[in-house]
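Below is one structure, written out as structure tokens; the observations come after it.
The values are calculated or read from the model by the stated rules, or taken from the named source; none is laboratory data. Nothing here was measured: the structure is a model prediction, and the numbers come from that model. When we count neighbours, we look across all protein chains shown, and the Cβ atoms used for this are built from the backbone with ideal geometry, even at glycine. These area figures cover heavy atoms from the full protein model, side chains too; ligands, DNA and RNA do not enter into them. Shrake-Rupley method; radii C 1.70, N 1.55, O 1.52, S 1.80 Å.
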Amino acid sequence: MKAHELLAQIRPTLLERVALRAGRGSEAQSAFRGELERFYSALEGAVESGNPAWLDPALTEWTSSPTLSELHDKKTNVEELLDKFIRVTNDVALENLAEADALDLLTTVTPIYVYALEKIARLETEARVSHVSSELAQTQDKLERLDRSKSAFISIAAHELKTPLTLIAGYAAMLHETIDKATDPQIEVLLAGMNTGIGRLQRIIKDLIDVSVIDNDLLSLNLQPLQLRKLFSQLRAGIEPVLAERQQILRVDEFEGSDAWIYADPDRLYQAFRNLLENAVKYTPDFGRIVVGGRTLPGFVEVTVKDSGIGISPENQTLIFEKHVVSDADLHSSSHSKFKGGGAGLGLAITRGIIQAHGGTIWAESEGYDEVKLPGSTFHVLIPARTQPVDPEIQRLFGPLVAAEEDPDGKENSTTDTPAA
Ligand code: ADP
């Protein structure tokens with residue numbers, strides 16, 4: 001007897017047994033029986049024609065609609081079912097056919113089953129990959145929506161807080177003017193405390209507004225010619241009291257490019273580097289050392305801010321630039337100078353936003369976080385060495401200024417109309 005005839009002979013017994021072993025509930029039984037019948041007919045076709053592709057439609061149908069729970073559990077139900085089919089075929093053939101016929105049949109169906117197993121594995125992997133990618137896309141969509149509402153909340157909260165804070169600051173100033181400090185010397189101390197609090201709140205609100213401006217790609221730069229050396233001497237002057245308080249040393253190295261005139265936004269760059277320097281102070285213990293250096297690269301000036309502080313763990317070296325508090329350290333207060341003072345966690349997000357708005361980039365390097373060994377951190381900032389302003393009017397305005405400053409005798413120098421890079 002031919003293999004397909006043998007297969008037809010054991011059909012009822014085989015299907016009965018597979019259905020029993022699969023153990024579906026009575027409601028699902030008849031639909032399931034229908035599927036088994038279809039699969040069996042395809043199997044007979046494959047055996048008769050010698051072409052296993054006959055099974056393709058049935059296998060595709062089986063794998064195309066797996067339930068979500070199957071995908072989550074990573075269970076391969078179809079594979080299990082096929083496995084049962086193979087075992088039952090063996091049993092039923094050996095029990096119901098003559099030994100030679102059974103062998104004949106099994107030799108014919110085995111390669112077809114192997115083909116089916118491979119096909120199912122491939123189809124199921126594809127189904128799982130597409131399921132996972134669609135879940136990822138949904139999660140990303142949710143995250144983006146969350147981020148948008150967070151950003152909207154930040155912006156609304158900052159603007160709502162700004163008005164009452166302006167009122168408080170105004171009344172505090174009036175109080176300062178009108179109160180007779182001589183009658184109660186304590187009043188001066190109390191007012192100073194109030195003003196410190198107001199100042200801190202004002203800075204947090206300003207940071208919140210900056211973050212929402214950056215988030216919405218609305219940061220507009222006021223590009224002017226500047227020299228980084230000058231920017232850093234202003235920064236040093238601003239941060240000097242804090243350095244003295246913490247007994248830390250700040251060294252600003254002269255480097256190739258620090259004297260070059262580049263077009264950048266001085267206020268925004270000041271803000272960005274102030275954040276980096278304040279962090280260097282905050283995350284470095286007393287008596288620590290901060291070094292600002294740099295070099296020129298093709299089209300860019302690279303500035304490095306290196307400290308001898310607690311360092312940053314590798315997993316946080318990119319996360320710290322996100323607008324939320326990610327910290328290795330156990331942070332204590334919102335002070336801008338205290339060791340591990342912590343803060344609103346917005347500083348680096350703003351710094352990155354400012355640098356990126358310039359067309360530059362920023363990253364952190366550290367051997368890791370260690371409060372005892374103090375491996376330190378280095379922040380690298382690449383700023384485009386723009387020698388031409390975007391707006392020609394700006395060039396007309398600043399070109400002669402730069403030339404005059406570069407020429408100490410005040411002589412006209414036609415070649416230095418534009419700042420040299
Ligand atoms: P924060 O207000 O918390 O300082 P930032 O955005 O400025 O917010 O910094 C985010 C986090 O990055 C900090 O909480 C700190 O854990 C880490 N960090 C930033 N600068 C340094 C540094 N120089 N050394 C070690 N950790 C740093």
Helix by helix, which DSSP H runs in the chain go 18 Å or more along their axis at the Cα atoms and have an average Kyte-Doolittle hydropathy of 0.5 or more? 186-215
In the chain, carbon and sulfur make up what percent of the accessible area (probe 1.4 Å)? 56
May I ask for log10 I(q)/I(0) of the stretch 181-270 at q = 0.21 Å⁻¹, from a Debye sum over the Cα atoms as equal point scatterers with solvent left out? -1.12
Once the Cα gyration tensor of the chain is found, what semi-axes does its equivalent ellipsoid get, as square roots of 5 times the eigenvalues, in whole Å, sorted largest first? 74, 28, 21
Give the value in nm², to one decimal: projected area of the alpha carbon convex hull of the stretch 153-214, averaged over all directions. 4.1
What is the projected area of the convex hull of the Cα atoms of the stretch 120-169, averaged over all directions, in nm²? 3.6
May I have the pair-distance distribution P(r) for the stretch 69-202, computed from all Cα-Cα distances with 10 Å bins from 0 and rounded to whole percent? 9, 18, 13, 10, 9, 8, 8, 8, 7, 6, 3, 1
Tell me the per residue accessible area of the stretch 69-191 using a 1.4 Å probe; a whole number in Å² is fine. 66
Rounded to whole angstrom, the alpha-carbon centroid of the stretch 289-328 lies from that of the stretch 147-171 at a distance of 30
Summed side-chain charge close to MET1 - residues other than MET1 whose Cβ falls under 9 Å, Lys, Arg +1, Asp, Glu -1: -2
Charges at C-beta only: +1 for Lys and Arg, -1 for Asp and Glu. How large is the resulting dipole of the stretch 88-183 about its Cα centre, in Debye rounded to 20? 1040
Where Lys and Arg each count +1 and Asp and Glu each count -1, what net charge lies around ALA280 among other residues with Cβ under 9 Å from its Cβ? 0
Give the separation of the Cα centroids, the stretch 364-383 to the stretch 70-143, in Å. 52
